[in-house]
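The values are calculated or read from the model by the stated rules, or taken from the named source; none is laboratory data. Quick caveat: nothing in here was measured; it's all calculated off a predicted structure. Using ideal geometry, Cβ is built from the backbone for each residue, glycine included, and neighbour counts are taken over all protein chains shown. The accessibility values were calculated without ligands, DNA or RNA, using every heavy atom of the protein model including side chains. Shrake-Rupley method; radii C 1.70, N 1.55, O 1.52, S 1.80 Å.
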Amino acid sequence: MNSEHYALGIDFGTSGARAIALDPSGAILASRRVTVALGDPAQWAEQWRQSLVQLLGQLPLTVRQGLGAIALNGTSGTVLLCDAQGQPVTEPLLYNDSRGQVVIDDLRAIAPPDHPVISATSSLAKLLWWGDRGLTQDGPLYLLHQADWLAFHLHGILGLSDYHNALKLGYDVAGDRYPDWFQTLPAAVQSVRLPQVLTPGCPIACLTPAIAQEFSIPESCEVCAGTTDSIAAFLASDAAEPGQAVTSLGSTLVLKLLSQTRVDRAAEGIYSHRFGDRWLVGGASNTGGAVLRQFFDDQAIAHLSQQIDAAVPSQLDYYPLPGPGERFPVADPHLLPRLTPRPPEDALFLQGILEGIARIEALGYQRLVDLGASPLTQVYTAGGGAQNPTWTAIRDRLLPVPVSPAAQTEAAYGVARLAQRRSLHPA
């Protein structure tokens, strides 16, 4: 890719997508968003494809004419089966679809202990579920992740993925191959063609002539291997060195720590993505914004936060959860929320919840380090909670390292940087 060309990142969720184009300095040239009103699951894939077309068409012509690289990210664990022409033969199964629970015992018998595939929502669990229902399609079947299938519509080569999306399919990201234990998968599943796995960001091929012509994009524009939504969000931050981490303060609390060493504890909700020659160790707690919204709307949170002195502890000892059950840093499906006693002052109650979430965050990072991840040195913050200065001050008091906002928080920005660098390492 010519260094003067622009890079385009496209972030796909289940119900919408966003595109961000960058100039060579990393400045945003254009940003576009489309929403998808998901209806019939059989139409989901086509709705995603139409969203991709809409996004490309909405970009300014001058940006499209200057594009040199494109990469996409999708939701981790969202998969579909398609035929040799790339036509879906099943409805997509989304990232949070847990019908794979019925094959968990089979997975435990096949996969190594603590492997990320031992989850009802893993890509491999979904494939085994399809296999149990019978795969009767004439001709070859291909399994593709959301990002894989959408990228196929740009470069035209069927059956490619990246090692971030492929982790929950069971791909051995350290050995860079499918593992030997795949030979023990059921015969029906072994008949499905699994994607060839590439390094995220590496160039795959130029745009198809048809796409290039339709959108006035240079035919030399390269489509690069993509990634998952959470990895793209990490790439958008300033984190680049072992010990640096990104906390996403959304509906849930998601931690990702860049580490020299790998940590996998599936039973504790911890697993590692390969990140070039390093590892991105992560875990997700059920605490977060969903708990706050059980008691306060956004306006009330903003108003009450101004009444809190973040430097003075509330003395409340909460473990805020939206309901029973926790994944990380405490792995207990029966853990009950602890949100009492409730003081009469709403501002003090809010402070107690914010402190509780911050303590869970600190405990989470300590757990990752205790299990062998690189020592924590810096936390960048993404998600809606990053906009609350009181919460940031509380976290700064309770976390043992500096806390600061992420440089960018949009996954589309991160995957655009991936396309721009064509590498997982900063330029």
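Values computed for the structure shown
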| read-out | value |
| --- | --- |
| Cα gyration tensor of the range 108-177 - equivalent ellipsoid semi-axes, whole Å, descending | 22, 18, 10 |
| Accessible surface of the chain [probe 1.4 Å, protein heavy atoms]: carbon and sulfur percent | 49 |
| Zero-based 10 Å bins, Cα pair distances in the range 291-427, whole percents | 11, 34, 35, 16, 4, 0 |
| Residues in the range 144-180 reached by a label modelled at Ala205 [backbone nitrogen below 18 Å; 7 Å Cα→Cβ] | 144-145, 147-162 |
| Nitroxide proxy distance, nm - points 7 Å out along Cα→Cβ at Asp346 and Glu46 | 4.8 |
| The range 231-285: radius of gyration and largest Cα-Cα distance (Dmax), Å | 10.7, 31 |
| Cα convex hull of the range 42-195 - mean projected area over all directions, nm² | 9.8 |
| Estimated inter-spin distance, Asp370 and Leu135, nm [label 7 Å along Cα→Cβ] | 4.1 |
| MRE, 222 nm, helices only [DSSP H, n ≥ 4, -39500 (n - 2.57), over the chain, to nearest 500] | -8500 deg cm²/dmol |
| Cα-derived Rg over Rh, computed across the range 291-351 with Rh taken as Kirkwood radius | 1.01 |
| Calculated FRET value between Arg108 and Gln299, using beta carbons and R₀ = 41 Å, to 0.05 | 0.30 |
| The range 200-268-the range 289-312 distance, computed between alpha-carbon centres (Å) | 32 |
| Rg ratio (alpha-carbon, reference 2.2 N^0.38 Å) - the chain | 0.99 |
| Two-site FRET efficiency, Glu91 against Ser31, from Cβ-Cβ distance with R₀ of 45 Å, rounded to 0.05 | 0.90 |
| Distance (nanometres) between label positions extended 7 Å along Cα→Cβ at Gln260 and Arg338 | 3.5 |
| Interatomic Cα distance distribution for the range 167-268, bins of 5 angstrom, percent | 2, 8, 12, 15, 17, 15, 12, 12, 5, 1 |
| Fully extended contour minus Cα-Cα distance, from Ala311 to Ser220, at 0.36 nm per residue | 27.2 nm |
| For the range 327-408, projected area of the alpha-carbon convex hull averaged over all directions, nm² | 6.6 |
| 1.4 Å probe accessible area per residue over the chain, in Å² | 40 |
